[in-house]
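Data block below; observations after.
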Amino acid sequence: MLGFKSFWSARILIGGIETTHMIKKGQLHCPDGQAMSPANQFYNLAA
């Protein structure tokens, strides 16, 4: 494994992985109690 060239890259990647795990576990709360699919939750965060 080659590793990361900077700490910034590793931090961003780990943050994305943790966010994805939170979405899969249902720990990310939607505004106004709307039910959203995991894909829609991710797209809303990316926008």
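The values are calculated or read from the model by the stated rules, or taken from the named source; none is laboratory data. Everything numeric in this text was worked out from a predicted model, so none of it was measured. Cβ coordinates were reconstructed from backbone atoms using ideal geometry, including for glycine residues, and neighbour counts include every protein chain displayed.
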Residues that are surrounded by 12 or more Cβ atoms within 10 Å (Cβ to Cβ) and over 13 Å from the mean Cα position of the chain (by Cα), drawn from segment 31-43: M36
Residues located in segment 7-28, provided they are within 14 Å of A46 (Cα to Cα) and either over 11 Å from the mean Cα position of the chain (by Cα) or among the hydroxyl-bearing types (S, T, Y) (or both): T19, T20
Options L28, L45, L13: the member that is at pLDDT below 80 and in a helix (DSSP H, G or I): L45
Neighbours by Cβ (under 7 Å, 6+ apart or cross-chain): first from segment 3-24, surrounded by 11 or more Cβ atoms within 10 Å (Cβ to Cβ); second polar (S, T, N, Q): I23/Q41
